[in-house]
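Structure, as structure tokens:
FYI, it's all coordinate maths here, none of it is from the lab. This one's a predicted model, so the numbers in the text were calculated from it and none came from an experiment. Because the Cβ atoms are built from the backbone with ideal geometry, glycine has one as well, and the counts that use them run over all protein chains shown.
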């Protein structure tokens, strides 16, 4: 892990159920550890039914040296509407918040203002809806939630459920611009760039990619996407 940049990754865990239909949180955590990231934004980190207990157990995550940011709800969930965030030593949460999102399906986003190796960075973790109209409404809700906050270098990361080139996403958010889409779904033979990262202009990308190493091809139906960031 390079202390001169910030590696952020996003990964839809599919509740730790792999392409072999086996729930293997240990396998999911192996993929997360292999990313060598400072910050990992997760989707579908909890089981579906109330009280939505964590699909990726807290003690397993913490034993591997991750700090779980406090987005979870009573009942043992890891995150908010399945969105969770893990950070390594050297990255610290300054403030965290939930963001309510509109739509037919229950959705939410999470915000963490972090002290990182490259300075303060605001990370928004999202899992947007299946219908484009609602995806755009959800991004508008995130824009409103950020509007009155003090400016900070900002990253959006998550499963945006957008199969196209992402022009509609870019048009919906003025604060950040999306990195070129990289195919991350479905994991065995990815064709769609559903998992994306976007940056505000005061951040630059040094490198970005999709994590293909085993067992990522079978641990979830999504592959993780990562980016190495620098200030300025």
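Side notes on the structure shown:
- Stretched out straight at 0.36 nm per residue, the stretch from residue 98 to residue 115 would grow longer than its current Cα-Cα span by 4.3 nm.
- Burial order of peptide ranges 196-209, 10-23, 71-84 (average beta-carbon count within 10 Å, highest first): 71-84, 10-23, 196-209
- When DSSP beta bridges are restricted to pairs lying wholly in the chain, around 80% turn out antiparallel.
- Cβ crowding within 10 Å averaged over residues, with 101-109, 217-225 ranked highest first: 217-225, 101-109
- Extension gain, residue 60 to residue 48: 0.36 nm times the residue separation minus the Cα-Cα distance gives 2.3 nm.
- Taking each residue as 0.36 nm, the span from residue 167 to residue 23 lengthens on full extension beyond its C-alpha to C-alpha distance by 48.3 nm.
- Computed [θ] at 222 nm, helices only, for the chain once each DSSP H run of length n ≥ 4 contributes -39500 (n - 2.57): -5000 deg cm²/dmol
- If R0 is taken as 35 Å, the Cβ-Cβ distance between residue 133 and residue 73 corresponds to a FRET efficiency of 0.80.
- Alpha-carbon centroid distance for the pair the stretch 177-224 / the stretch 14-29, whole angstrom: 18 Å
- Prolate/oblate/rounded call for the stretch 19-84, Cα gyration tensor, a/c under 1.5 rounded: oblate
- Averaging the sequence gap over all C-alpha pairs within less than 8 Å and six or more residues apart, then dividing by the number of residues, gives the chain a relative contact order of 22 percent.
- Rg of the Cα atoms in the stretch 47-144, relative to 2.2 N^0.38 Å, amounts to 1.14.
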